[in-house]
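Report on one structure; see the data block that follows.
The values are calculated or read from the model by the stated rules, or taken from the named source; none is laboratory data. Being a predicted model, the structure only gives us computed values, none of them experimental. FYI the Cβ positions are ideal-geometry reconstructions off the backbone, even for glycines, and counts take in every protein chain you see. Remember, those area values only see protein heavy atoms, side chains included, never the ligands or the DNA or RNA. Shrake-Rupley method; radii C 1.70, N 1.55, O 1.52, S 1.80 Å.
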Amino acid sequence: MDSHDIKKTVHAETEAIKESLQKTRRDFHRYPEPGWCEFRSASIIARELSALGYSVKTGPDAITPSERFGLPDTSALDFWYNRALAEGADLRYMKPMKGGFTGITAVLAGGPGPVTAIRFDMDALEMPESTGPGHRPFREGFISQHNGVSHACGHDGHMAIGIGTAKVLMKLNHLLRGTVKLIFQPAEEGIRGAWPMITAGILEDVDNLIGLHLFPDLPSGHTVCGTSDFSATNKFDIRFTGTASHAGGAPEAGNNALMAASTAIMNMYAIPRHSGGTTRINVGTIHGGDCRNTICPEVYLTAETRGDTDSLNSYMYSSAERIIHAAAAMHRCSAEIIPAGSAPSAQSSPGLSQILSDIALSIEGLQQVPSPGKGLSEDFTLMMRHVQERGGAAAHIALGAAIQNAPLIHLHTPEFDFDEASLSLGVELLIRSTLALQDLPR
């Protein structure tokens, strides 16, 4: 079959699953699960891939137990496990995942040739979803059924694209030379899930690695094949510990952890920005205090730093560390900094990026555009650098998914949604790219 016939065949097979892609995406959207708790999502994916004929690894075979960051406590893991069972999870595939082992690696071996891996993330965000009348998931009945948890970053779409890619690849496996690995990664939010899968050895034989992310603030049909503006990042939690006392009767006997936390927050935001490039810092949550007339004995913060480069991020993080301990000392408290995940900056491999770009330009409805320079972070960068350091190539695709004639929507907002027509475009781009890469020498 020549390249023209392959192009027509892939397009036809992708068009045939458009309705299925939308249905799958909306099902995942209704039942979002936070990092390390993707039991329903992962068990359904593992069942689908196994039924298609893939060799599937889950549980501790896909994830190194000791390398997991930010693992929820046992009660939270059990809650989500039992909820998944009640909402249609497949117990056969969920059992090995119990305790927070929700990663999946599926392999399709097509004989001698290069190994291509494609990564899809699965977790949702712990934030509410809009119930406004203008929000399509609410209006059309597929809004999150889990209060305070939602797919506000497109991972529901990524899972649908992953399943669609698996279906089409299996139908066209007679054209495949080499091996394809489909990686479904938990806990991307917070930069937690990639490293435990890397250390489990899933990338050791990979020649080409591809990642894809939907962007609702990039016009539908626009692609950046070769994202290279990822920020390095550190995610960390902070526990300030002081001494409780009566705020009216004996204020001098207390050491106010809330004051230490407030001092740290204000001064972290005051860190001078660096002339070498863009830097970021954010405190996302603060929890603490017992009642209005008690000196606060403990406060817990969640925070992050980012920088255009590893060194810029290090500058921000080391400055934050210094400020945190100084703020604690000022208020006679102690401070503990708890690492919660990190990822480096990364650049897509130019050669692989060019191949992806050429494929995108040959697909009706897609066009390559320059990177908008978003300053976003992804733990996919850990996978990219791991493959590149071993002589392979890695590239990331940003796929535009803005809804036409709708207000601009951003990632990580309650109003998040995207153009579902982008799902089939994503599948077609990944299938065509995988088939093109098998003709390259190892």
Could you count how many residues in the range 320-341 are open to solvent by less than 40 Å² (accessible area, probe 1.4 Å) and at pLDDT below 95?
-> 2
Which residue out of LEU71, LEU108 is in contact with a helix residue (DSSP H, G or I) (Cβ under 9 Å, 6 or more places away or on another chain), within 24 Å of ASN208 (Cα to Cα) and in contact (Cβ under 8 Å) with a residue 12 or more places away in the chain?
-> LEU108
Going through (1) on the phi > 0 side of the Ramachandran plot; (2) touching a helix residue (DSSP H, G or I) at 6+ places or on another chain (Cβ under 7 Å); (3) not charged (D, E, K, R) one by one, GLY375 fails only at (2)
Check on ASP90, open to solvent by 60 Å² or more (accessible area, probe 1.4 Å) and at pLDDT 95 or above = no
Considering each residue of the range 294-328, count those that are in contact with a Phe, Trp or Tyr (Cβ under 7 Å, 6 or more places away or on another chain) and of a type in the set (Gly, Ala, Ser), and give that number.
-> 3
Please find, within the range 111-141, the residue that is nearest to VAL206 (Cα to Cα) out of those that are in contact (Cβ under 8 Å) with a residue 60 or more places away in the chain and in a helix (DSSP H, G or I).
-> PRO137
Scan ASP439, ASP417 and give me the residue that is among the acidic types (Asp, Glu), farther than 25 Å from ILE355 by Cβ and not in a strand (DSSP E or B).
-> ASP417
Extreme residue, nearest to LEU435 (Cα to Cα), among residues of the range 353-375 that are part of a loop (DSSP other than H, G, I, E, B) and open to solvent by 60 Å² or more (accessible area, probe 1.4 Å) | GLU364
Which of the residues spanning the range 201-225 are in contact with an Asp or Glu (Cβ under 7 Å, 6 or more places away or on another chain) and either open to solvent by 10 Å² or more (accessible area, probe 1.4 Å) or free of Cβ contacts under 8 Å to residues at least 12 places away in the same chain (or both)?
-> SER220
Give the residues of the range 356-397 that are among the polar types (S, T, N, Q) and within 23 Å of GLU204 (Cβ to Cβ), sorted by residue number.
-> THR381, GLN388
The range 226-244, residues that are open to solvent by 10 Å² or more (accessible area, probe 1.4 Å), of a type outside the set (Val, Ile, Thr), assigned to a strand (DSSP E or B) and in contact with a helix residue (DSSP H, G or I) (Cβ under 8 Å, 6 or more places away or on another chain) | ASN234
Answer yes or no as to whether SER275 is at pLDDT 95 or above, part of a helix (DSSP H, G or I) and either over 23 Å from the mean Cα position of the chain (by Cα) or surrounded by fewer than 16 Cβ atoms within 10 Å (Cβ to Cβ) (or both).
-> no
Would you tally the residues in the range 379-397 being open to solvent by 10 Å² or more (accessible area, probe 1.4 Å) and either in a helix (DSSP H, G or I) or of a type outside the set (Lys, Arg) (or both)?
-> 8
Assuming ARG306 fulfils every condition listed in (1) touching a helix residue (DSSP H, G or I) at 6+ places or on another chain (Cβ under 9 Å); (2) in a helix (DSSP H, G or I) apart from one, which condition is it?
-> (2)
Is at least one residue of the range 245-257 open to solvent by less than 50 Å² (accessible area, probe 1.4 Å), closer than 20 Å to GLN347 by Cα, not in a loop (DSSP other than H, G, I, E, B) and not aromatic (Phe, Trp, Tyr)?
-> no
In the range 93-126, what residues are hydroxyl-bearing (Ser, Thr, Tyr) and open to solvent by 20 Å² or more (accessible area, probe 1.4 Å)?
-> TYR93
State whether one or more residues within the range 170-190 are in a helix (DSSP H, G or I), polar (S, T, N, Q) and surrounded by fewer than 21 Cβ atoms within 10 Å (Cβ to Cβ).
-> yes
Only residues that are among the aliphatic types (A, V, I, L, M) and surrounded by 24 or more Cβ atoms within 10 Å (Cβ to Cβ): list them for the range 127-158, please.
-> ALA152
Could you tell me whether the range 70-80 includes any residue that is under 19 Å from the mean Cα position of the chain (by Cα), within 24 Å of GLY148 (Cβ to Cβ) and open to solvent by 60 Å² or more (accessible area, probe 1.4 Å)?
-> yes
